[in-house]
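Visitor: The structure under discussion is supplied below as structure tokens; questions concerning it will follow.
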């Protein structure tokens, strides 16, 4: 079962877009959902008003589970929804009951995060197991999201639990990142020993890189920052670098301001 959650764990929607790609590519059917007022704060995960087959209806935040048939011999399960706000332990137990009822043995959680990496190199990807407690290999201490909680709880309940996290360049802002989705998909193919179809992700990734190249060429500070990142990434491989200057947050703000200038060009001078 492959699981991704929207929100804090889903920079540029790269993780949930991987689930959407699988649902769009293969035959699938909904098999269940978790929807409960006790899990969500509706001011942060708001219900949506939608038109469904000509009828207006309110769609409440929920995690939906699907059965996906890649081919007659290969069936797997996926789940996707907004990260719940409350009662994570109980939520994870309900999710794992779905997995158990479907005879799932392996739970794979997906996540994406902003990091100091560059679009001109392979995006760094972290692949870990839920029962991997080797602090020498992973020294991270800090906030976590529900993919990590689900991953650890799955391992404690006897599932084979794996976690995939893709790093997204901070300086590109919040637009979709097909390069991140494609790398997650390729890693899933390797784990599942199944050639998952890429569809138009490769073409979308090339377009994404070309747009990022243009953005970098138009901003000298950003260009210097990217060259600095390239140097560090070439030295350290896929590991995220600790870059002190220029500060990534400031560059993100400058990049967003630059992009807004295309939507609202300055009036020509007389």
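Visitor: Which of the strands (runs of 3 or more DSSP E) found entirely inside region 5-72 contain at least 1 residues meeting this: touching a residue at least 40 places away in the same chain (Cβ under 8 Å)?
Guide: Qualifying strands (runs of 3 or more DSSP E): 27-34, 63-71.
Visitor: Further question: Could you please give the count of residues in region 48-69 that are under 21 Å from residue 3 (Cα atoms) and touching a strand residue (DSSP E or B) at 6+ places or on another chain (Cβ under 8 Å)?
Guide: 10
Visitor: Next question, about the same structure. Taking the condition more than 14 Å from the chain's Cα centre (by Cα) and surrounded by fewer than 13 Cβ atoms within 10 Å (Cβ to Cβ), does residue 45 pass?
Guide: no
Visitor: I'd like the residue in region 12-32 that is over 21 Å from residue 111 (Cβ atoms) and in contact with a helix residue (DSSP H, G or I) (Cβ under 9 Å, 6 or more places away or on another chain) and, out of all such residues, is surrounded by the fewest Cβ atoms within 10 Å (Cβ to Cβ).
Guide: Only one residue tops the list, namely 31.
Visitor: Follow-up question, since we're still on this one. So for region 114-127 (the condition being surrounded by fewer than 21 Cβ atoms within 10 Å (Cβ to Cβ), out of contact with any helix residue (DSSP H, G or I) (no Cβ under 8 Å at 6 or more places or on another chain), under 30 Å from residue 229 (Cβ atoms) and modelled with pLDDT under 95), does at least one residue qualify?
Guide: Within region 114-127 (the criterion being surrounded by fewer than 21 Cβ atoms within 10 Å (Cβ to Cβ), out of contact with any helix residue (DSSP H, G or I) (no Cβ under 8 Å at 6 or more places or on another chain), under 30 Å from residue 229 (Cβ atoms) and modelled with pLDDT under 95), the answer is yes, since at least one residue qualifies.
Visitor: Something else now. Taking region 85-118, which residues are more than 14 Å from residue 166 (Cα to Cα) and in contact with a strand residue (DSSP E or B) (Cβ under 9 Å, 6 or more places away or on another chain)?
Guide: 91, 94, 95, 96, 98, 99, 101, 102, 104, 105, 106, 107
Rundown of residues vs (1) closer than 27 Å to residue 74 by Cβ; (2) surrounded by 20 or more Cβ atoms within 10 Å (Cβ to Cβ); (3) touching a strand residue (DSSP E or B) at 6+ places or on another chain (Cβ under 8 Å); (4) at pLDDT 90 or above, yes/no style:
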position: 174; (1), (2), (3), (4): no, no, no, no
position: 182; (1), (2), (3), (4): yes, yes, no, yes
position: 197; (1), (2), (3), (4): yes, no, no, yes
position: 214; (1), (2), (3), (4): no, no, no, yes
position: 217; (1), (2), (3), (4): no, no, no, yes
position: 232; (1), (2), (3), (4): no, no, no, no
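Visitor: Here are the criteria: (1) in contact with a helix residue (DSSP H, G or I) (Cβ under 7 Å, 6 or more places away or on another chain); (2) closer than 30 Å to residue 170 by Cα. Tell me which single one residue 40 does not satisfy.
Guide: (1)
The values are calculated or read from the model by the stated rules, or taken from the named source; none is laboratory data. These numbers come from a predicted model, not from an experiment. All Cβ positions, even for glycine, are placed from backbone atoms using ideal geometry, and neighbour counts span all protein chains on display.
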